[in-house]
Structure formats: C-alpha cells, structure tokens
1. From the helices alone, meaning DSSP H stretches of at least four residues, give me the mean residue ellipticity at 222 nm for the chain, per-run term -39500 (n - 2.57), in deg cm²/dmol to the nearest 500.
2. State which stretch of the chain is the longest one without any exposed chymotrypsin sites (Phe, Trp or Tyr not before Pro), exposure meaning a DSSP loop state and at most 15 other Cβ atoms within 10 Å.
3. Pairs of alpha-carbon atoms within less than 8 angstrom and 6+ residues apart define the contacts here; what relative contact order does the chain have, in percent?
4. Roughly how tilted is helix 239-256, in degrees to the nearest 10 and between 0 and 90, from the longest Cα axis of the chain?
5. In nm, to one decimal, how far is the Glu237 label point from the Thr305 one, both placed 7 Å along Cα→Cβ?
6. Going by alpha carbons, how many degrees (0 to 90, nearest 10) lie between the helix axis of 261-271 and the longest principal axis of the chain?
7. Quick one: Ser65, Ser112, fewest Cβ neighbours within 10 Å first, how do they rank?
8. Stretched out fully, how many nm does the piece from Asp103 to Asp226 gain, at 0.36 nm a residue minus the Cα gap?
Amino acid sequence: MTQNNIIIGKSDVETTPLGLGTNAVGGYNLFPNLKDDDGLKLVTAGLEHGIQLLDTAFVYGLGHSEELVGQAMKAFNRHSFALATKGAQDFSSGEQVINNDPDFLTQQVEASLKRLDTDYLDIYYIHFPDKQTPKAEAVGALQRLKEQGKIRAIGLSNFSIDQVKEANADGYVDVVEDEFSLLHRDHENDLMPYLHDHHMSFVPYFPLASGLLTGKYDRTVSFPADDIRSQISDFQEPRYGQALAAIDQVRPIAQAHQATITQTILAWYMANPLISVVIPGAKRAEQVVANAQSLDVTLTSTEYTTIDRAFAGFKTTVSGKSLADPD
C-alpha cells in the first residue's frame, strides 16, 4: 500500500486514509433485501484487504449493524483496526427523537460497547445535534468516557460549523463527519479549513454521491418514484448532466493508472489535505476489495488539479446535503 496512515485529531487513534462505511451491514431499515451473511463478508473483506477503519452507527438497523460488525471483527486482532460508531437517536417515546443529553449519550456508548462486544470504541460520534442540549455539555459526557478508556476519540456528525465551534469550547473534539463529495463541496469554504487549522480530522460520508461518482451511469438512466435517487438533486438536470461531463474528464486519468473511476475518485479524496479518512459504503464484498485497491493509486499534482477543476462548478452548491436531516 502506498498511502501513509493518519492520526485522528489530537487523539492517538491511527488508521488508513480509507475506511468502510457499514450502513448496508445490517441496515435493514435503510436498504431492502439485506442479508446478514453478506454484511459479515463485507466487513471481513475490508479488514482482510488493508482497511483499518470500520464506521457504523446505532441507527443502521437499530443496533443490528453494530452486532454484525462485532461478530465479523472477532476473527481479527482488535488492536489492528479502528472502530467508530455513532448515536443520538432516542426511541423511548415510540418515535425517533434526537437526544444529546449527557446521561443519554453515556447510556448509548455503553449499549454500543455491548452490541459490538468490545471494551472500547476508537471513535464515538454524536450522530446529530439536538435543539436543546448545550453542545459543550454533550461533548463533556464523551470526554468523561474517554478518561475512563471507553472511547479514544470524540466525534461530531452533521453539526454545522457554528455548532462545531460551540461543541469544541474545551478543545475536546477530535473529528467531524459530514456529507462531502466532489458534487457537494460547500464545506470547503468554512468547515474543512476550520477543522484543519484546529487539528481536528474530517471524515466525509457519501463520497461517491449515491453511486453517481462511480462512472456507472449514463445520460439515459431514469429512476422509479420509490427509488431514493429520484429525490436527490444530483440525479436531476442540470446537475446530472454536469456531473457526467465532469466524470468524463476523470476517465483518462483512471486509465493512466489502470484504475476504475471509483478508485480514482477515492484517491483524490485521500490526496486532499483537508480530508483524513474517506469511508465509502458497499453492499458486496467485491466492492470493498475493489475500493481497497484505491490505496495503491497515487495521483500526480497535475491529475489532482485536473479532477478538482473538473468539478469546480459544484463548489457553489447552496446545500451540501443530499437528503434532509432528521428533526
């Protein structure tokens, strides 16, 4: 592997710059027709092919993803990879409510540890901010768990830059996870430089933009109304055509490296100094193995700039979100 490992924020958590998002591992509430055995194979394939960060969350299958990840990682040395999970969803009322109360977050960490069957979490993210809890108080609960050795790095997910600043009042935050891709670049304007300047890591999710950045789509594709892609602006004109035109500029670079479009796009993220770890998801083990090969793709500065400029028009995207956050 040609990529060097990175350190998460101010912590001592070390990992490859490519991780594995596991929302399709046990995320039966997010994807139809998932099989547990496929999910186990996904995680195993990642760890066997040099990926050192597994990213899961309680809301992926309401704990089932964590259980499957916990099963799959038993075959590996626990200290040879980093494990991240997330929580904030409170179903105690019968409906989903976002809850950052310190006591609730503490309970969620303990529950995740049990489902994952591990003594510690390398990263724990507050999955979404709530509207009432002071952000620094929520982070303070995680800091106490960090001091107890139950988590090693403190993360925030889906927090605005102002919320990140509030949450980091005591300097405890190590890493922020949010949507970012070559089609959703608004965080380059404020959040990502702020994190870089304050020694916090940035982990983008949806890096392949629901598959659009894999290069597998053409101008004739259409989606039925019950397909989530029919609700995403990236798959609607004019953005869809603009994205395909930009991808066409990536093709010769991919060919020069004997790589796929996907591997080349992932290599661009790994070369971006404002990005720490990129965590593409997958539904099949073969996809994980193919993604892992992007660790061997090293772009020249000219190739990096060519890709950057090809997608420059997406820097002015008003909203960086493909889908709405939960209330």
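1. The per-residue figure over the chain is -10500 deg cm²/dmol.
2. The longest such stretch corresponds to 92-327.
3. Relative contact order here is 20 percent.
4. Between helix and principal axis, roughly 80 degrees.
5. 3.5 nm
6. Around 60 degrees separate the two axes.
7. Numbers: Ser65 31, Ser112 24.
Ordered by Cβ neighbours within 10 Å, fewest first: Ser112, Ser65.
8. Stretched out fully, the Asp103 to Asp226 stretch lengthens by 40.4 nm.
We did not get these values from a lab; they are worked out from the coordinates using the rules stated. Computed from a predicted structure; not experimentally measured. Cβ: placed from backbone, ideal geometry, glycine included. Neighbour counts: every protein chain shown.
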